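The values are calculated or read from the model by the stated rules, or taken from the named source; none is laboratory data. Just so it is clear, the structure is predicted and the values come from calculations on it, not from any experiment. Neighbour counts run over all protein chains shown; Cβ positions are idealised from the backbone, glycine included. Protein only, heavy atoms only, side chains kept; ligands, DNA and RNA dropped before computing areas. Shrake-Rupley method; radii C 1.70, N 1.55, O 1.52, S 1.80 Å.
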Amino acid sequence: MRILVAGCAGFIGYHLTERLLRDGHEVVGIDNLCTGSRENVAQLAAHARFQFCEHDITRPLGVEGPVERVYDLACPASPVDFGPRRLEIMAACSRGVWELAEFARRHGARLLHASTSEVYGDPQEHPQRETYWGHVNPIGPRACYDEGKRFAEALLTSCHACYGTEIRIPRIFNTYGPNMRWDDGRMLPTFIDQALRGAPLTVHGDGSQTRSFCFVSDLVEGLVRLMESDVREPVNLGNPAEITVLTAAQEVLRLTGSRSVIAHVPRPKDDPALRRPDISRAETLLGWRPVVERPDGFARTVEWFQRTMGKPQ
Ligand code: NAD
């Protein structure tokens, strides 16, 4: 198949593109490189069936020829982006998704848009099922992302209702692995960076808030299965194994052999206290569940950070 991946220079987009190329597909990757890495594009460009187009998804897309699948992973996604890039995020989730939906309609392509567990906000239900409507502050510091992604889900649902566009909506929970941005601001890269530099590991609050982490190869498998299924409703993709933030910091210290200390700092506003996916829908409809155990995934991630320390991204 000929497949378009928007956001191919980013963390998940890079791994997804690699997987699609490995499966024998032709991939047109697009990215405006606002948070993506040229190094990721350079690695993909070594592949003959990969074509890169530097492009902003908020503008009309001029890719010619047949395209059967469109994966949209193009959106700044780190908490550090929620301040300086808040309008870019809202544009990617609204105008950007709209342009890709138009493109998919013209090409008769399926469109998968990477949604997020953030649509559940600071959840009052635990674990979160897809039927939960969420608890989101529409004017809070995370609103650009949470509400942007909620709008994108509504937009796709409307495109299906009005035009019959084939849509797929994975709600992705915390994903991690090699090729994450060093300055990503998310918990795991931050802890690894701090541990490797010998700096204190900054744990928000007492660290008793929980997170669940899905290794990126598991997530990519879920995205591909969802795309090739006939499931149009949102599907949670994440790893239900939950750990506290403090435990994650301690595991990073052990894996890196770092002598850094743990420093407790105030928790950011609207930081979710609990976050764990209920993945029964993915298990039932896609036959999917994560297979990479956390110790293995953490070790592979730490190894990548150690190997790329100080290199250009
Ligand atoms: P990332 O920042 O590494 O990748 C995003 C990519 O999109 C970057 O290469 C960036 O340059 C590109 N991009 C951003 N805006 C663009 C635009 N307007 N036009 C073209 N390209 C643009 O982020 P990621 O972690 O790989 O996330 C990918 C997608 O998955 C995002 O939509 C994100 O919301 C979603 N997601 C990620 C996670 C996670 O844990 N990483 C969790 C939930 C949802």
>> Let me see the P(r) profile for the range 222-299: every Cα-Cα distance counted, bins of 10 Å, each bin given as a percent of all pairs.
In response: 15, 34, 30, 17, 5
> Long-range amide H contacts for GLN128: which residues qualify at under 5 Å (H placed 1.01 Å from N, peptide plane, sequence gap of 5 or more or a different chain)?
Replying inline: ARG276, ASP278
> Computed on alpha carbon atoms, what radius of gyration and Dmax characterise the range 141-210, expressed in Å?
Replying inline: 17.8, 55
> trypsin sites (Lys or Arg not before Pro), restricted to the range 239-281: which are DSSP loop and have at most 11 other Cβ atoms within 10 Å?
Replying inline: ARG259, LYS269
>> Viscosity 0.890 mPa s, temperature 25 °C: what is the translational diffusion coefficient of the range 66-142 from Stokes-Einstein with a Kirkwood Rh over Cα pairs, rounded to a whole number of µm²/s?
In response: 173 µm²/s
>> So if each residue of separation counts as 0.36 nm, and I subtract the Cα-Cα distance between ASP296 and PHE151, what length gain in nm does that give?
In response: 48.6 nm
> What residue among GLY29, GLY65, GLY177 shows peak mean-square fluctuation when the chain is described by a Gaussian network model with Cα springs under 10 Å?
Replying inline: GLY65
> Can you pull the semi-axes for the range 1-54, root of five times each eigenvalue of the Cα gyration tensor, sorted largest first, whole Å?
Replying inline: 16, 10, 10
> Considering only protein heavy atoms and a 1.4 Å probe, what is the carbon-and-sulfur percentage of the accessible area of the range 1-155?
Replying inline: 51 percent
> Under a 1.4 Å probe, what is the accessible area of the range 194-275 per residue, stated in Å²?
Replying inline: 42 Å²
> How big is the accessible area of ASP183 in square angstrom, nearest 10, if you roll a 1.4 angstrom probe over the protein chains?
Replying inline: 100 Å²
> Starting at 0 and stepping by 10 Å, how many percent of the alpha carbon pairs of the range 1-145 end up in each bin?
Replying inline: 12, 39, 32, 15, 2
>> Taking 0.36 nm per residue of sequence separation and subtracting the Cα-Cα distance, how much length would be gained by fully extending the chain between ARG289 and TRP133, in nm to one decimal?
In response: 53.9 nm
>> Quick check for you: with a 1.4 Å probe and neighbouring chains kept, what is the accessible area per residue of the range 100-179, in Å²?
In response: 39 Å²
> So how compact is the range 112-228: Cα radius of gyration and Dmax in angstrom?
Replying inline: 16.6, 55
>> Just want the answer: with Cβ charges of +1 for Lys and Arg and -1 for Asp and Glu, which residue in HIS107, GLN128, LEU61 is farthest toward the dipole's positive end in the range 54-131?
In response: HIS107
> Based on Cα positions only, what radius of gyration and what Dmax would you give for the chain, in angstroms?
Replying inline: 18.6, 58
> Whose amide H sits under 5 Å from the amide H of CYS8, counting only residues 5 or more places off or on another chain, with H placed in the peptide plane?
Replying inline: ILE30
>> If I compute solvent accessible area with a 1.4 Å probe over the protein chains, what percent of it on the range 220-272 is carbon and sulfur?
In response: 52 percent
> What is the dipole size for the chain, taken about its Cα centre, with +1 at each Lys and Arg Cβ and -1 at each Asp and Glu Cβ, in debye to the nearest 20?
Replying inline: 360 debye
> Of all GluC sites (Glu not before Pro) in the range 1-92, which ones are in loop regions per DSSP and have a Cβ with at most 13 other Cβ atoms within 10 Å?
Replying inline: GLU64
